1. Condition first: of a type in the set (A, V, I, L, M) and in contact with a Gly (Cβ under 7 Å, 6 or more places away or on another chain). Now tell me which residues in region 13-51 satisfy that.
2. With the requirement that a residue be modelled with pLDDT of 70 or more, surrounded by 14 or more Cβ atoms within 10 Å (Cβ to Cβ) and either of a type in the set (Asp, Glu) or within 21 Å of residue 98 (Cα to Cα) (or both), what does region 12-37 give you?
3. Name the single residue, out of those in region 41-50 being surrounded by fewer than 16 Cβ atoms within 10 Å (Cβ to Cβ) and of a type outside the set (S, T, N, Q), that is nearest to the chain's Cα centre (by Cα).
4. Just one of 67, 120, 81, 111 is modelled with pLDDT of 85 or more and of a type outside the set (Val, Ile, Thr); which is it?
5. Scan region 53-61 and give yes if some residue there is part of a helix (DSSP H, G or I), surrounded by 13 or more Cβ atoms within 10 Å (Cβ to Cβ) and at pLDDT 85 or above, otherwise no.
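The values are calculated or read from the model by the stated rules, or taken from the named source; none is laboratory data. Values in this document were obtained by computation on a predicted structure and should not be read as measured data. Every residue, glycine as well, gets a Cβ built from its backbone with ideal geometry; the counts of neighbours run over all protein chains shown.
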Amino acid sequence: MPPLRQGNTSSVRSRDAVNVEEAEKMAEAAKNSGKVLMTMRNNRFRHASQFLKQYIDSGRMGDIYTGRCGWIRRRGIPGKGGRFTNKSLSGGGPLIDLGVHFIDLAVWLIGNPKPVSVTGATYCAANFVFLTLR
């Protein structure tokens, strides 16, 4: 992470890491630099997300113990022939491209509970991730 080595606080856009080793290297670089490394999770800052977070935090929804998230890309595949459709460039398909944003939003909305288990499976037509949270 060159920006961190140069002493800069950094933000990483999609895709941040495709495996544990990459994520650990990023975390280590941030720790060694003493700077903040933020992965781009811009949906947290949307007006609707901020409203929903305040509503949930107020207690009006009671105890939330499970959640589900999903996304429908209505405008087709961006950059057809580019990294979105080339497995060696995409690093994980829709799960890495879009899934991380919505899993992050769902978990953040309910207060970042510690996961009990996380499982996932990738299929040709879709990606599925199941989260069971405490």
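1. 18
2. Matches in region 12-37: 12, 16, 17, 26, 37.
3. In this case the residue turns out to be 44.
4. Every option except 111 fails the conditions.
5. Yes, the conditions are met somewhere in region 53-61.
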